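Below is one structure; the comments refer to it alone.
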Amino acid sequence: MAKIEKLTDSERAALVDLLPAWSFARTNAGQNDAIERKFVFKDFSEAFAFMARVALLAEKHDHHPEWTNVYNRVAITLSTHDAGGLSVRDIQLAEAIDMIA
Ligand SMILES: C[C@H](O)[C@H](O)[C@H]1CNC2=NC(N)=NC(=O)C2=N1
């Protein structure tokens with residue numbers, strides 16, 4: 001499989017406008033560049049229903065989030081392990097998540 005490339009600095013800077021609901025972050029291990037978005041739902045059931053849909057998106061994209069859930073809150077962090085930072089796959093999954101949020 002071709003090595004997945006990290007975003008260039010200018011591509012990364014463009015994320016501010018391309019993904020306005022997302023913020024720059026680090027992976028949980030604190031190592032890699034990432035983006036994150038936090039969600040608040042009516043209750044746990046709504047939060048988990050959202051997570052189930054995101055899980056299916058992750059499988060479709062073969063790109064998986066780091067995420068946490070506390071009752072009605074979900075935090076999603078995206079980074080590309082294979083690139084050691086942000087790649088186009090993070091953008092694609094973030095856009096797909098934004099469409100169902
Ligand atoms: C073998 C499988 O395709 C790879 O491990 C995929 C799976 N999901 C992934 N998810 C994320 N976030 N980063 C990856 O590099 C990645 N690689």
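Overview of values
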read-out: The chain, relative contact order [Cα under 8 Å, separation at least 6], %; value: 32 percent
read-out: With every protein chain in place, the chain: carbon and sulfur % of accessible area (1.4 Å); value: 54 percent
read-out: Trypsin sites (Lys or Arg not before Pro) within region 11-70, DSSP loop, no more than 14 other Cβ atoms inside 10 Å; value: Lys42
read-out: Spherically averaged projected area of the chain from its Cα convex hull (nm²); value: 6.3 nm²
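The values are calculated or read from the model by the stated rules, or taken from the named source; none is laboratory data. All values derive from a computational prediction rather than experimental measurement. For neighbour counting, all protein chains shown are included, and Cβ atoms are generated from backbone atoms with ideal geometry for every residue, glycine included. In case anyone asks, the SASA skips ligands and DNA or RNA and just uses the protein heavy atoms, side chains included. Shrake-Rupley method; radii C 1.70, N 1.55, O 1.52, S 1.80 Å.
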